[in-house]
Amino acid sequence: MIVLFTDFGPGGPYTGQMKAVLARAAPGVPVVDLADDLPACEPEPCAYLLAAFAPAFPPGAVFVCVVDPGVGGARAPLALEAGGRWYVGPDNGLLAIAARRAGDARWHTLTWRPQRLSASFHGRDLFAPVAAMLARGEPVPGAPLDEAATVGGDWPDDRAAIVYVDPYGNAMTGLRAAVLPEDAAIVAGERRLTRLRTFSDAAPGAAFWYENANGLAEVAVNRGRADRVLGLGVGTPVRVEAAGAGA
Amino acid sequence: MIVLFTDFGPGGPYTGQMKAVLARAAPGVPVVDLADDLPACEPEPCAYLLAAFAPAFPPGAVFVCVVDPGVGGARAPLALEAGGRWYVGPDNGLLAIAARRAGDARWHTLTWRPQRLSASFHGRDLFAPVAAMLARGEPVPGAPLDEAATVGGDWPDDRAAIVYVDPYGNAMTGLRAAVLPEDAAIVAGERRLTRLRTFSDAAPGAAFWYENANGLAEVAVNRGRADRVLGLGVGTPVRVEAAGAGA
Amino acid sequence: MIVLFTDFGPGGPYTGQMKAVLARAAPGVPVVDLADDLPACEPEPCAYLLAAFAPAFPPGAVFVCVVDPGVGGARAPLALEAGGRWYVGPDNGLLAIAARRAGDARWHTLTWRPQRLSASFHGRDLFAPVAAMLARGEPVPGAPLDEAATVGGDWPDDRAAIVYVDPYGNAMTGLRAAVLPEDAAIVAGERRLTRLRTFSDAAPGAAFWYENANGLAEVAVNRGRADRVLGLGVGTPVRVEAAGAGA
């Protein structure tokens, strides 16, 4: 299975051009769009999303990760083997948290180059062909790389900020719910929110936080848009407070 | 064929996570995104859309229907066999009109549960795996249910309101054109609209209604956005008037 | 491979209905969404995009092209064989530039009609079934047509205007970079822009133009949205100036 994880935007031509490459280079391999509405040109929040989504995918899955504002510049193209899955993408931290959580990361600098490499679309020209090679079981076309040489090694294990706003307006944080005290409150947009189990446990219009289906602490409003109600966007900081503390 | 009918939003991660489940549990079965931009958290208008779209799909198609604001709460998960097709989704009326139109509905409460059931994403954890079972030809993992016990039995056969605004701004009603008099007018947004055959029969900028390609009465503006021109959105009521009547 | 090139909008039901037809009529043939966010109801800018995207697709690819404001009216349905690829779509110029660039265009008027042809959705009812026939290797179900009888023959080879704004806000022109002097400037939105190689060669927030990954001259802002910064939209004219000329 090849999994696309990009900021290409819904409907635009870039995902389709990648899929056309994959259909030819890895025929018969299922291609799944995991997300194409990631925060544009912001690898750091996306790194926490990737780490949250990846464990549900089967061993052998190959993630093509393209949030790549430095495309065509000096940043290196990488392949990462971690937790039995492969990841290809730019060296800008996008893969760093997934690697750290897996605990068995093996990094590679991609040395393979296509005959024609555009200066602005390495997703199509470099990362998709390499993903197809890996999905076909071929060896990684690169050289081993020390993790210390990659970007993101100094990023925190969890990120106390909004990393994604979903189409309903729910705001995912970069905090794993499992690392928070069971009765912790989250302060977001100047509101102190208690934890509930799911949407239908909140009154219509009420804000709360909960452990979402991918293990992240998520700020939500039952039958409403948390982003608008609370004034949240990607990058908005959040704060964890012990139960009973706070305003 | 497995057909996705959701309010997950274009580009977001939920459709992709469902497809990843389906790719593993029903390999080789085509998966078609019928819609992922349905009115969020509003099963009633979606029920009329589903009933309009479904007849064009082949026998044996399995619809995974997820417009599910009550997820994780008390609402039951259902499977429906109707008109030779299968539907899985929540008991909130979403499947009710498709069932009624088919005339041979057989309802089931799903009793199967996955090892891990999140509180907020039954589409991925429950409905997609069940759809895969049905697509593989396995028996429905549930118990028969009396239609009288399901939500939506008291909803009208047709709904005199806007049920969907498409990406062009055309506004579909929940009224089948075939049940309206040939020369009926539709009053929408305080404008009385006559029936035309298609867009190119209207002057540029002119508003009209017509029978859309799925049999619904649809309010449109040639080379314009009916939603903006007439001030229409999901839930806006419309009124049918006999020819010659009205303002 | 069947390639979808439409203005149906992301997430809506029209792409899914086409894919359901294709899954039945051409089982096993990969279907790639190249774009579904094309400028709605504007075949002229789309014609320049199609001509730019098509050459990267393999011989035998069948493009289903639906930007079709005249659907249901007098415009003819066409099939085009050019450059080893097939195209089906309306006679409104949408296919004209791809045909001209290939240099070996063979045009056909489609004479086949389905049992049920809606007045508003020929993409599903006519163009998709014909695309499936061509993908299956069947003869084109139509009659040869003289290119002089098709729309778009008088359109320029390149179009000095914005033809598409991508999800990042980058503004593609209808000008091939290869036909412009290497040191040409492009004036867009009253700003005179010089050419760079790629995004990371510009300072954050700086506007420039570059040859994009499909060969078109594209106006962009590093880490910004060119459409908003420069006030550009589909149809905004641009002007090419020799180096040293200008304001």
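Tell me, A:Met172, C:Met1 in order of fewest to most beta-carbon neighbours within 10 Å?
So the residues, fewest neighbours to most, are C:Met1, A:Met172.
Taking the alpha-carbon centroid of each part, what is the distance from region A:143-208 to region A:107-138 in angstrom?
32
Ignoring GluC sites (Glu not before Pro) that are buried or in helix or strand per DSSP, and keeping those with at most 12 other beta carbon atoms within 10 Å, what is the longest stretch of chain B between them?
Details: sites that count: B:Glu182, B:Glu190.
The longest such stretch corresponds to B:1-181.
Any idea which of A:Gly73, A:Pro10, A:Trp107 is furthest toward the positive side of the dipole for region A:1-142, if Lys and Arg beta-carbons carry +1 and Asp and Glu beta-carbons -1?
Of A:Gly73, A:Pro10, A:Trp107, it is A:Trp107.
Let me know the shape class of region B:122-234, please: from the alpha-carbon gyration tensor, a ≥ b ≥ c as square roots of the eigenvalues, rounded when a/c is under 1.5, otherwise prolate if a/b is greater than b/c, or oblate.
prolate
222 nm [θ] for the protein assembly as shown, helices only, -39500 (n - 2.57) per DSSP H run of 4+, per residue, to 500?
Mean residue ellipticity, 222 nm, calculated: -5000 deg cm²/dmol.
Using a 10 Å cut-off around each Cβ of peptide C:27-36, what is the average number of partner chain Cβ atoms that fall inside?
6
Taking square-rooted eigenvalues a ≥ b ≥ c of the alpha carbon gyration tensor, is region A:1-54 rounded, prolate or oblate, where a/c under 1.5 means rounded and, failing that, a/b exceeding b/c means prolate?
Because a/c hits 1.5 or more and a/b fails to exceed b/c, region A:1-54 counts as oblate.
Sort region B:21-170 into rounded, prolate or oblate with this rule: let a ≥ b ≥ c be the square roots of the eigenvalues of the Cα gyration tensor; rounded if a/c is under 1.5, and if a/c is not under 1.5, prolate when a/b is larger than b/c, oblate otherwise.
rounded
Can you list residues from other chains, or at least 5 along the same chain, whose modelled amide H is less than 5 Å from the amide H of C:Tyr164?
For C:Tyr164, the qualifying residues are C:Met172.
For label points placed 7 Å from Cα toward Cβ, what is the shortest-first list of nm distances from B:Thr111 to its copies?
Label-point distances to the other copies, shortest first: 6.1, 6.1 nm.
Quick one: compute the contact order of chain A, relative version, from alpha carbon pairs under 8 angstrom and 6+ residues apart, as a percent. Don't skip to the answer; put the middle values down first.
Values: 533 pairs, mean separation 41.7, N = 247.
Reported as a whole number, the value is 17 percent.
Among B:Thr111, B:Thr194, A:Thr150, A:Thr173, what is the fewest-to-most ranking by other Cβ atoms within 10 Å?
Sorted ascending by nearby Cβ count, the order is B:Thr111, B:Thr194, A:Thr150, A:Thr173.
With charges only on Cβ, +1 for K and R and -1 for D and E, what is the dipole size of region C:122-243 about its Cα centre, in debye, rounded to 20? List each step's numbers first, then the result.
Values: 12 positive and 16 negative charges, 117 e Å.
So the magnitude is around 560 debye.
Please state the charge dipole magnitude for chain C, taken about the Cα centre, from unit charges on C-beta atoms (+1 on K and R, -1 on D and E), reported in debye and rounded to the nearest 20.
The dipole of chain C has a size of about 480 debye.
Have a look at B:Ala177, B:Met1, C:Val165 and report the one farthest towards the positive end of the charge dipole of the protein assembly as shown, computed about the Cα centre with Cβ charges (Lys/Arg +1, Asp/Glu -1).
Of B:Ala177, B:Met1, C:Val165, it is B:Met1.
Given R₀ = 45 Å, FRET efficiency for A:Ala160-B:Ala56 by Cβ-Cβ distance, to 0.05?
0.40
Grab every C-alpha pair in the protein assembly as shown, bin the distances at 10 angstrom width from 0 up to the longest one, and report whole percents.
Spelled out per bin, shortest first, that is 3, 14, 23, 27, 22, 10, 2, 0, 0.
Where both residues lie in chain C, what percent of DSSP beta bridges are antiparallel, nearest 5?
Bridges in chain C are about 75 percent antiparallel.
Partner chain Cβ atoms within 10 Å, averaged over the residues of A:70-76 - can you pull that number for me?
Mean inter-chain Cβ contacts per residue within 10 Å come to 3.
For C:Asp7, C:Asp158, which order do you get if you count the other beta carbons within 10 Å of each Cβ and list the fewest first?
Final ranking by Cβ density, sparse to dense: C:Asp158, C:Asp7.
Return the percentage of antiparallel bridges among DSSP beta bridges fully within region A:45-176, rounded to the nearest 5 %. Intermediate values should be presented prior to the final figure.
On the way: 18 of 21 bridges.
Restricted to region A:45-176, the bridges split so that about 85 percent are antiparallel.
Just counting partner chain Cβ atoms within 10 Å, what average do the residues of peptide A:180-193 show around their Cβ? Present the calculation step by step, with values, prior to reporting the outcome.
Details: counts 0, 0, 0, 0, 0, 0, 0, 0, 0, 0, 0, 0, 0, 0.
That works out to 0 on average.
All of the numbers you see were taken from the coordinates with simple rules; none came from a lab. These numbers were taken from a predicted model, which means no experiment stands behind them. For neighbour counting, all protein chains shown are included, and Cβ atoms are generated from backbone atoms with ideal geometry for every residue, glycine included.
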